[in-house]
Amino acid sequence: MSSQIAKIALSLDTEAVGSLKEGVNFKKNPEDGKFYIIYKGESGFRACKNQCKHQGGTFIKDIEDLDSRTVKCTKHNWKLNASTMQYVNPPESFTQEELEVEILDNGGLQLVELSPLDPWLSDPREPVELQIGEVKVTYLTHACMELQLGQQRIIFDPWLMGPAFARGWWLLHEPPANAMDRVCAADLIYISHMHSDHLSYPTLKVLSERRPNVPIYVGDTSRPVFWYLEQSHVKLTNINVVPFGVWQNIDEYLRFMILMDGVHPEMDTCIIVEYKGHMILNTVDCTRPNGGRLPHNVDLMMSDFAGGASGFPMTFYGGKYTDAWKADFIKTERKKLLNYKALLVKSLQPRIYCPFAGYFVESHPSDSYIKAVNVKNNPEELNGLINKKAPGIKTWTPKPGAVLDLGLALSDPTCSEGITNPPACAKIYKDSWDFDLYVDELNSAISCEIFKHHSWIQFYYTWAGFQNYNLVVRVIETDDDFKALTDGYEYLVDFLDLSFPSNRPDREHSYLEIKNRTGVMRYVVLHGLLWDNLYIGFQNHISREPDIYHHKFWNHFQIELPVTRPDWDQFLQQVTPN
C-alpha cells in the first residue's frame with residue numbers, strides 16, 4: 001500500500017488560470033473556505049497552503065515587495081518568498097511545504113496535496129460500550145493526567161514539584177496529596193517532549209528513587225527526550241523509544257500511538273490512546289500536531305490553551321518594547337490562540353474536549369512584572385467559545401483530583417453526570433513553592449571552580465559549536481533585577497569566526513545584548529543545558545540591533561546543542577597547573 005494519498009486541494013478552470021497575474025496570487029476554495037497561495041513565474045507555477053510553518057498564521061501580501069514575490073505572516077511578520085518557497089525573514093529558517101501543481105488538458109489547474117495515510121486507521125476496531133467506572137481520567141496538575149483504562153493506568157507528563165525552565169515557571173494548581181504515589185504505581189508513563197514542564201527533573205528524581213524500572217514511553221525524536229537526565233542523578237532503567245505512527249499494544253484492549261509535530265518534529269510529540277475502540281487524543285504543546293492530520297470524532301481530546309508569551313516579547317527591552325506594546329501584543333496573541341483552538345476543536349469534532357497543559361504561574365517574587373503582564377487565557381473562556389461555535393461538543397475544565405468517567409460522560413447529554421469534582425475542602429491553588437530550595441540549587445553553580453578561569457567562555461562556546469553566522473552577542477551576568485554585577489562576567493562573542501573580541505568589530509553586523517541572571521546562566525553552562533531555561537523561563541533581558549529575529553542562532557542554542565555536556569574535567573586539567 002502506498003504511504004501517500006493524493007487530495008485535490010483546489011481546482012481552477014481555464015478562465016481562472018488565465019486571470020492569474022505574475023507573482024503572488026491568493027485563491028479561495030469555495031467549498032471549504034481555505035485560501036491557497038499560487039506563484040506565477042517564468043518557469044511555471046508554485047503553490048502552498050496559506051499557513052505559516054512557524055506557528056500556523058495566515059499570510060497577506062507584503063506591501064514592501066515591489067516584485068510581488070513575498071508574503072508576510074500576520075502572526076509574527078515572518079516572510080515567505082513564494083518564488084522559492086524559502087522563508088527570507090528570518091533568514092536560513094524553514095522551507096515551506098509545497099502543493100503539487102497539475103496543469104489539465106483543458107487548460108485548467110489543480111493543486112494536489114500529497115498526504116500520508118492516517119496511521120490510526122490501520123487495524124480499525126469497533127467501539128465497545130464502556131461500563132461505568134471502566135475508563136476514568138483524573139487531572140493531577142498542568143499537563144499531568146492519569147488514565148485508568150480497564151486494569152491499566154497511564155500517566156501523561158508528570159510535573160508535580162519544583163519549577164520548570166530554571167526558576168521561571170511554577171505550578172498553579174496543588175496536585176492531590178497522593179499524586180506522586182499514582183505516578184509511581186503507573187503501568188506506563190508517556191512523556192511528550194524535553195521541556196521541563198513535561199520532563200520534570202525534580203519529579204523524575206523522586207520517581208527514580210522509588211521505582212526506577214517504571215515503563216516510560218517517548219517518541220523517536222532526533223533530539224533524545226532524556227538526553228539531559230541520562231547525565232544527571234535521575235536513573236530510570238525502562239525508557240522505551242518508539243517509532244511514530246505505529247500502534248503499541250499493551251493488552252488485548254489497550255494500545256497507543258505517538259505522533260510527531262509538523263513544525264518541531266525534532267522534539268515535540270502527541271499521543272492517541274485507544275481502549276476498546278474508544279480514542280483519546282492528547283495534542284499536548286504541538287504547534288501543528290502530525291502536520292495537521294488528526295483523527296476526527298475521538299471520544300476525548302486534550303490540548304494546551306494558555307497563550308500569553310514566552311521569551312518574546314516579555315524579555316525584550318528598548319525601542320518599541322514598552323509595557324503597553326507588550327500588553328497589546330499578548331492580548332492579540334491570546335485572542336488568536338483562543339480562536340485557533342476553538343476552530344481546531346470544531347473541525348475535529350471530539351465528543352468531549354478538555355483544555356490543559358497551561359496551568360502554571362510566574363510566582364517567584366523576582367518575576368512579579370512577568371506575572372502581571374503575561375496574562376494567560378482562561379480555560380473557561382476557551383470552553384465557552386467552543387460551546388458557542390460547536391454546541392454539540394461537551395467540554396470539561398478540570399481541577400486537581402477531578403475525575404471524568406468517560407463511559408458515563410459519553411451517555412450524558414451535559415457530561416456533568418460523568419464528572420466528579422474534588423471535595424469542597426480540597427486545595428486547588430498553590431500558595432507556596434519552596435523557592436529557596438530550587439533557587440539555591442541553581443545558584444550553587446555560581447561558585448563552581450570552572451568560573452574562576454576566564455577561558456571557560458571560549459571552552460563553552462567552542463563546545464556549543466555555533467559559528468559562520470554574522471552575529472555579535474554581548475553577554476552580561478546580572479543579579480535578579482538584571483543589573484550588571486561588579487564581579488560578574490561581561491564578554492563579546494563574534495559568531496562569524498567564533499572569536500571573543502574586546503570591542504564590537506568594524507564590519508556591518510547584527511548585534512544582540514543578553515543580560516542573564518548569573519545563577520541560571522552558570523547552571524546552564526555547567527550542565528550543557530538548552531537555552532530555553534533562559535529564554536522561555538524569563539531569565540534574561542534582550543535587546544537587538546537591528547530588531548530582527550535570528551532563527552539560526554536561537555534554533556541552535558534552544559534545540560541543537562551537543563547531547564553530551566561540556567567536559568569540564570578536561571577543561572580544569574588544561575587550566576590548572578600540576
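The values are calculated or read from the model by the stated rules, or taken from the named source; none is laboratory data. Owing to the predicted nature of the structure, the values given are computational and were not obtained by experimental measurement. All Cβ positions, even for glycine, are placed from backbone atoms using ideal geometry, and neighbour counts span all protein chains on display.
Details
- Test: residue in the range 224-244 that is in contact with a His (Cβ under 8 Å, 6 or more places away or on another chain), surrounded by 15 or more Cβ atoms within 10 Å (Cβ to Cβ) and either farther than 26 Å from ASN555 by Cα or not aliphatic (A, V, I, L, M) (or both): yes
- Pairs with Cβ under 9 Å, 6+ apart, first in the range 357-373 and aromatic (Phe, Trp, Tyr), second part of a helix (DSSP H, G or I): TYR359/PRO379; TYR369/MET314; TYR369/ASP323
- Residue within the range 38-47 that is assigned to a loop (DSSP other than H, G, I, E, B), modelled with pLDDT under 95, out of contact with any Gly (no Cβ under 8 Å at 6 or more places or on another chain) and not assigned by TED's automatic domain parsing to the domain that holds LEU471 present: yes
- Contact map, the range 476-492: residues that are under 15 Å from ILE457 (Cβ atoms) paired with residues that are part of a strand (DSSP E or B) and among the small types (Gly, Ala, Ser), Cβ distance under 8 Å, separation 6+ or inter-chain. Pairs shown: ILE476/ALA484; GLU477/ALA484; GLU490/ALA484.
- The range 54-69 - residue that is within 27 Å of the chain's Cα centre (by Cα) and within 17 Å of PHE94 (Cβ to Cβ) and, of those, surrounded by the fewest Cβ atoms within 10 Å (Cβ to Cβ): THR58
- Number of residues in the range 285-311 that are farther than 22 Å from GLU97 by Cβ and in contact (Cβ under 8 Å) with a residue 60 or more places away in the chain equals 11.
- Against the test of being of a type in the set (Gly, Ala, Ser), in contact (Cβ under 8 Å) with a residue 12 or more places away in the chain, out of contact with any Ser or Thr (no Cβ under 6 Å at 6 or more places or on another chain) and surrounded by fewer than 15 Cβ atoms within 10 Å (Cβ to Cβ), the options GLY33, GLY44 yield a single qualifying residue, GLY44.
- Within the range 420-438, residues that are in the same structural domain as GLY168 (by TED's automatic domain parsing) and over 24 Å from LYS205 (Cβ atoms) sit with their Cβ atoms under 9 Å from residues that are among the β-branched types (Val, Ile, Thr) and part of a loop (DSSP other than H, G, I, E, B), at 6+ positions apart or across chains, in these pairs: PRO422/ILE428.
- Screening the candidates LEU117, LEU130, LEU149 for the property of being exposed (fewer than 15 other Cβ atoms within 10 Å of the Cβ) and closer than 21 Å to LEU281 by Cβ yields one hit, LEU117.
- GLY33 being in contact with a Cys (Cβ under 6 Å, 6 or more places away or on another chain), modelled with pLDDT under 90 and not in a strand (DSSP E or B): no
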